[in-house]
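The values are calculated or read from the model by the stated rules, or taken from the named source; none is laboratory data. Computed from a predicted structure; not experimentally measured. Here the Cβ is made from the backbone with ideal geometry for all residues, glycine too, and neighbour counts use every protein chain on show. In case anyone asks, the SASA skips ligands and DNA or RNA and just uses the protein heavy atoms, side chains included. Shrake-Rupley method; radii C 1.70, N 1.55, O 1.52, S 1.80 Å.
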Amino acid sequence: MPRPAGRLRGRDWATPVVLAATLLVLTASVARTFSSMPLASVDESAHVDYVLRVWHGQLPVLSDGIRFRPGFGGTPPVQWVAQHPPLYYLLLAPVMGPLVDAGHPVQAVVLGRLANAVFVAAIVPVAAWAAARCFPGVVRLPGTVAVVTASTSVLVVQGGVVYNDSLAALTCALACGVAGAALRSGVGPGLAVGGALVAAAGTTTRLSFALWLVAIVVAFALARTVRFGRLRGVWARVVVAAVPVLAAAAASGWFWLRNQALTGSFSGRPTAWPGYTPRPHYSDAEVVSMLGFWRQLFALFRGSLPIASPLPWVLLLVPVLLFVAALVLRRLRPWAPADDDRWPRRLVVAMLVVVTLLFVVVEIRYTAGGGAPLNRYTLTVLLPIAFAMAAGFLAWRRAATWLVLVWGAAAVVPMWSLVRFEGSELVGHSGAVVVVAFAAAVVCAAGMLVAYAMAARSTAR
């Protein structure tokens, strides 16, 4: 059926919005990169040290400590990111290693951050793609998810440092799209291979990806249809469900066994070292009752605003509450009017809910054992949160566009708080780079919202 004149298909509708949103994250991350001192945190020093170990053909060990000591930045007492698998560091090694070997450590850190900004910016189009695969009937959802994702200031924070959370978040977003596609459209050879690659990449980046690995396996087993060579029926589902597990085991199993041998646990989580001050331990109930736990874990829109600022919580909770109200008032029903689409949609929603709940449980247990509930960890479930927020806006159809525009404009404020226009004293001309990059980010933010408003006029859903 030809599309009506003046209407936009989902991909056409989202493309200019997604492009502007992607550039927003990229330019804002560049501004953040040049705003802060290289190795400003001891965690960044540990990640950079890991990159350089890989560049020289080694893997770090907790007790060996940090070998990269360039004379600036902080230094952790031990190599406390050695428990992470090496894919992220392998990707950055040829970017940073030659510069360090040539005696340019500051430039190496800056270039590593810029590479990290690309990983973070890539999350935006992947999020839009995943929205289209999980909820293919909602034309405005991919573009709205792109706006929400690009406006999440914790992404910009990660785009301006050398941390493996960026690649981990990207693989989680890819996994969400793969699992959603399986449940909504079925699994064929192409998606099976894609799921295997994502599973391998995710498990060789960070342990938290295990939540999405389970989601892919279950989605493949419950896929709407399965087309895998000559196999049919139950055996086809068993085979395609086994593919991502086998790929993950082949790619990263050796590393988790190494962790077990070195530390006594597959996670390899640091426990104690000389001079270590143990953190307080709590019961699960105590963690749940701590306001600080929730304020730290879900501070996705804080930027560098004061902890008492209400704006980050307005940005998060208003669309979430709109979503809850829409559920209560049954305003989300038009999203899937066809009866034959009802169960696949429910399975996708169940997947998103279960992964998010499991993530929260894992963080409660982690904090109870002495860990810190950092907001960058929540990037693991950024997409379920972004989907819910976008749905909260779109449920109120007549007001949806204005809600997104006002919200998107307000979300620039936390990003602004991350920028230091004087730049970093260790990086030449960094102040000028910050000014140009952030000006570009403001233009991209404006372009994103204008594109959203113009496209919204072309569709009612």
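Considering only region 189-207, state which residues are open to solvent by 40 Å² or more (accessible area, probe 1.4 Å) and under 20 Å from the mean Cα position of the chain (by Cα). Steps first, please.
Initially, region 189-207 is screened for residues open to solvent by 40 Å² or more (accessible area, probe 1.4 Å), giving 189-190, 193, 197, 207.
Once the filter is applied, which keeps residues that are open to solvent by 40 Å² or more (accessible area, probe 1.4 Å) and under 20 Å from the mean Cα position of the chain (by Cα), region 189-207 yields L197, L207.
This table checks each residue for (1) open to solvent by less than 80 Å² (accessible area, probe 1.4 Å); (2) closer than 23 Å to V353 by Cα.
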site	(1), (2)
I216	yes, yes
L222	no, yes
A248	yes, no
G264	yes, no
W273	yes, no
Practice problem: From (1) within 21 Å of F72 (Cβ to Cβ); (2) open to solvent by 10 Å² or more (accessible area, probe 1.4 Å); (3) of a type in the set (V, I, T), pick out the condition that doesn't hold for V109. | Solution: (2)
Quiz item: Can you tell which of V320, V328 is within 21 Å of V138 (Cα to Cα) and within 22 Å of the chain's Cα centre (by Cα)?
Solution: V320
Self-check item: Residue under evaluation P280, criteria (1) part of a loop (DSSP other than H, G, I, E, B); (2) surrounded by 17 or more Cβ atoms within 10 Å (Cβ to Cβ), criterion not met
Solution: (2)
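I'd like the residue in region 250-262 that is of a type in the set (A, V, I, L, M, F, W, C) and open to solvent by 40 Å² or more (accessible area, probe 1.4 Å) and, out of all such residues, is nearest to G195 (Cα to Cα).
Our first condition is that a residue be of a type in the set (A, V, I, L, M, F, W, C); within region 250-262, this holds for 250-251, 254-257, 261-262.
Subsequent filtering for residues that are open to solvent by 40 Å² or more (accessible area, probe 1.4 Å) retains 250, 254, 257, 261-262.
Numbers: A250: 14, W254: 20, L257: 23, A261: 29, L262: 30 Å.
The selected residue is A250.
Would you call A241 among the small types (G, A, S), free of Cβ contacts under 8 Å to residues at least 60 places away in the same chain, more than 18 Å from G180 (Cβ to Cβ) and not in a loop (DSSP other than H, G, I, E, B)?
On the way: among the small types (G, A, S): yes; free of Cβ contacts under 8 Å to residues at least 60 places away in the same chain: yes; more than 18 Å from G180 (Cβ to Cβ): no; not in a loop (DSSP other than H, G, I, E, B): yes.
No; evaluated as a whole, the condition is false for this residue.
When region 386-418 is examined, which residues are found to be assigned to a loop (DSSP other than H, G, I, E, B) and either in contact with a Gly (Cβ under 9 Å, 6 or more places away or on another chain) or among the aromatic types (F, W, Y) (or both)? Give the steps one after another, and end with the answer.
Within region 386-418, the first condition is being assigned to a loop (DSSP other than H, G, I, E, B), and the residues that meet it are 395-399, 411, 418.
Selection gives W396, L418.
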Practice problem: Evaluate region 360-367: report whether one residue or more is part of a helix (DSSP H, G or I), modelled with pLDDT under 95 and open to solvent by less than 30 Å² (accessible area, probe 1.4 Å). | Solution: yes
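For residues that are open to solvent by less than 50 Å² (accessible area, probe 1.4 Å) and either more than 26 Å from the chain's Cα centre (by Cα) or among the small types (G, A, S) (or both), scanning just region 81-98, find the one that is nearest to S208 (Cα to Cα). Steps first, answer last, please.
Within region 81-98, the first condition is being open to solvent by less than 50 Å² (accessible area, probe 1.4 Å), and the residues that meet it are 81-89, 92-93, 95-97.
If we keep only those that are either more than 26 Å from the chain's Cα centre (by Cα) or among the small types (G, A, S) (or both) too, we end up with 82, 93, 97.
Numbers: A82: 15, A93: 23, G97: 27 Å.
The qualifying residue nearest to S208 (Cα to Cα) is A82.
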Self-check item: Every residue from region 36-50 that is open to solvent by 10 Å² or more (accessible area, probe 1.4 Å) and among the polar types (S, T, N, Q)
Solution: S36, S41
